Each structure stands twice: as structure tokens, then as C-alpha cells.
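These notes concern the structure reproduced below.
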Amino acid sequence: MAHPTAANVEEELQAQVLIWNHLFQFVNSMSLKSVVELGIPDILHRNEGRPVSLSHLASLISIPPNRIDYLRRLMRMLIFKGCFANVSKEGEEENYALTPVSRLLVKDKDTGVLPLLFFELDPVMQSPWQSLSKWFHSDQPTAFAKAHGVDIFEMARKSESVNRMINEAMACDSRLVSKALVELHHDAFVGVKSLVDVGGGTGSLAETITKAFPSIKCAVLDLPHVVADAPKDVVVELVGGNMFEHVPPADAVLLKMVLHDWGDEDCVKILKQCKKAIPPKEKGGKVMILDMIVNSKTEDHKATETQLFLDMLMMVDVGGREREEHEWKKIFTEAGFTTYKATHGTGVLSLIEVYP
């Protein structure tokens, strides 16, 4: 029997470290949730940019003295991940400050991500992952349906709390992305007089477009129970309907992270309805898709990893997928479109302008 070499032992130890790293990824998300629940990002924000010491932070969140070192260890881990900064000098008590990451966790920030964080970490959204392996052997369309007995859209229709949780999560994501959309892709809106945001939720993205381009008449199409949850002061037209059956006419149709919810066959059906709604290319008609183009060859490892995380999320929750460029081209062609133009650089998203 051959004895393991030092090289083999070292290889196995490195593999063990990698397995542990995969296994304990949940520590990141749950630690992030805990600091938000403790109110730490808001405390640091309210301190007007001045660092907050460990002991002062502990007193502000009213934890007993025997928990202070536990708090230090929690912050140490999130500092390592870039979520907070330790700005103390060597030998001093630790002093904490926000980073660009934790600024997105401040409660009242317009572009904050808190509703998305609480949505994805809610037990409703976490339990399907416990059913993932069993789902592969089942006849349910998704692991979400395997865990809950209904798909996520049906649950949202029946449960006011789930519907509101989803709408708030999607709205917070749209607020951040919409600012990038109108600033980074200004030229895409030139000449557009009317626009329908299909699957636009409660209207936050369409409102941003309207404010940036007052000459564009914006409308939102979504399911009736979704638009019914919109704020009363929303300034865009809200249309309750089904994108598989009809899309209101406009110069341009916008689909922001909608098609990744669906398989190819359903995407083609949606795109065909969008094509019916817009004028010919020579009269300015187009479909604007803000979604991911997966590129596993990019050197930006974190961006690719995030895209692959979202691809798995779509598979588990709704039966959709993130797509590589050739996969996008296939559904455009099948839906009857002739050309498209992809512009990258909106975080992990790209703007794809598709022409009839």
C-alpha cells in the first residue's frame, strides 16, 4: 500500500480549505443581516463620517459588556470582507467607519439594498435550497415549488406579505440600477417619445426615467396585484395586465431583469408581444433589455461569480436562467428580431437594444 506523499497531503489540505470556504459562505450573508438588524450601518452613518469606537458602538446598540468581544469578532469578519473599515491606529481601540458596501445598507438611502437582503434571507426564500437535491428527482418545475407547493408568482398573488416583500426588493434594486441606466446609457433614450416598462413592478424605474427625460411618456405593465401595491403618488401610468397576452404600444419597451425569470420558449412569447407593441426600426422602435450577459472568460472573478449565483437563484426560484450572448441571440432570432446591440458596464448587467 502506497504511503501518501507530502505533496498529496498538501493538496488534500488545500482542497479541505476550499470545501470549508464553500461550506461556510452562509456566514457572510447571515453576519451582514445581523449587523443590519443591530442598526450598525445607520449608527455609523448618523455619526457624520466620524469613526465609532468598539466600546461606544456596543453602548449604542445596548449589548452587555460580556458581548463586546463577540461584536469585535463580528466586525472583524465583515471588515475582512470589505463591508466596514477599521480606521484605528496600532495599539488603539478599534474604530469603525462605513465603506461603499455598507453605505448601501443604510436604512434611508435611496439606492440601498436592505429590502433585497431581507427578501433573499427570508425563510420563504431560503427553504427551497434545502429541497434542491430532491427537486432533481421530482416533477415540480422549480425547487421553490417543491418546497412550498406553489410557484413564487402564485404565492405572491395569494400572500399580501410575500407580494409586498417581493415588490420592495425589486423596487430597491430598480432604484440603484435606474440611476446607472439613465446616466450611463443616456444615448439609448434619444428620440424615444413613449416607453413601457414591462414587468416594471411598482414603477420606481419608470419614475427615474420620467424625471431624467420629461419628454418621454412612461407606463408600467405588471400583474394587477403588483401594480395595486404601488405608492399612491406614483407619477407614471400603471397598467395591470399580462405580458404574455398584450403589451401596450410605445416607441420602446423596457425589460429590466425580466427575461431571466423565464425559459427560452416563454422569453420568445414575451418578445413577440413586445415586437407587436413597437413601430418598425426605421421609425425608432426597439426593445431595451437590461439583464446579464454571462461571460465566464472575464478576468473579473467576482462579477462572474455573482452572475453564476444569480443563474442558480433563477433556476431554484422561478425556473429561469442567466444567458450567454449566443443564447440571447437565439431567442431574439426566434422572436423575429433582426439585429441587436449590447453595451456592457452597468455593474454585472448589460443594456441590449433589440430591433425589429
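Being farther than 30 Å from residue 122 by Cα and crowded, with 19+ Cβ neighbours inside 10 Å is the filter here, so list the residues in the range 311-333 that pass it.
Kept after step one, since they are farther than 30 Å from residue 122 by Cα, are these residues of the range 311-333: 325-333.
Those that are farther than 30 Å from residue 122 by Cα and crowded, with 19+ Cβ neighbours inside 10 Å: 328, 331, 332.
May I ask you to verify whether residue 85 is assigned to a strand (DSSP E or B), surrounded by 14 or more Cβ atoms within 10 Å (Cβ to Cβ) and either assigned by TED's automatic domain parsing to the domain that holds residue 173 or out of contact with any His (no Cβ under 8 Å at 6 or more places or on another chain) (or both)?
Yes, satisfied.
Does the range 81-104 hold any residues that are farther than 14 Å from residue 173 by Cβ and under 23 Å from the mean Cα position of the chain (by Cα), and which are they?
81, 82, 83, 84, 98, 99, 100, 101, 102, 103
Could you count how many residues in the range 92-113 are crowded, with 17+ Cβ neighbours inside 10 Å, touching a Lys or Arg at 6+ places or on another chain (Cβ under 9 Å) and within 15 Å of residue 28 (Cα to Cα)?
Here the count works out to 0.
Inside the range 203-222, can you point out the residues that are part of a loop (DSSP other than H, G, I, E, B) and modelled with pLDDT under 90? Even if it seems obvious, please write down each step before you answer.
Going residue by residue through the range 203-222, those that are part of a loop (DSSP other than H, G, I, E, B) are 203, 213-216.
Scanning the range 203-222 gives a single hit, 203.
Residues are listed down the side, and each one gets a yes or a no for (1) in the same structural domain as residue 240 (by TED's automatic domain parsing); (2) assigned to a helix (DSSP H, G or I); (3) not charged (D, E, K, R):
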residue	(1), (2), (3)
126	yes, yes, yes
133	yes, yes, yes
137	yes, no, yes
187	yes, yes, no
200	yes, no, yes
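May I ask you to verify whether residue 331 is in contact with a strand residue (DSSP E or B) (Cβ under 9 Å, 6 or more places away or on another chain) and not in a helix (DSSP H, G or I)?
Numbers: in contact with a strand residue (DSSP E or B) (Cβ under 9 Å, 6 or more places away or on another chain): yes; not in a helix (DSSP H, G or I): no.
Taking the combined requirement at face value, the residue does not satisfy it.
Please go through the range 121-159 and pick out each residue that is surrounded by fewer than 17 Cβ atoms within 10 Å (Cβ to Cβ), touching a residue at least 60 places away in the same chain (Cβ under 8 Å) and of a type in the set (D, E, K, R).
157
If residue 220 satisfies every condition in (1) over 22 Å from residue 317 (Cβ atoms); (2) of a type outside the set (Gly, Ala, Ser); (3) under 24 Å from the mean Cα position of the chain (by Cα); (4) surrounded by fewer than 19 Cβ atoms within 10 Å (Cβ to Cβ) but one, which is the exception?
(4)
The values are calculated or read from the model by the stated rules, or taken from the named source; none is laboratory data. Quick caveat: nothing in here was measured; it's all calculated off a predicted structure. Methodologically, a virtual Cβ is constructed for each residue, glycine included, from the backbone with ideal geometry; neighbour enumeration extends over all protein chains shown.
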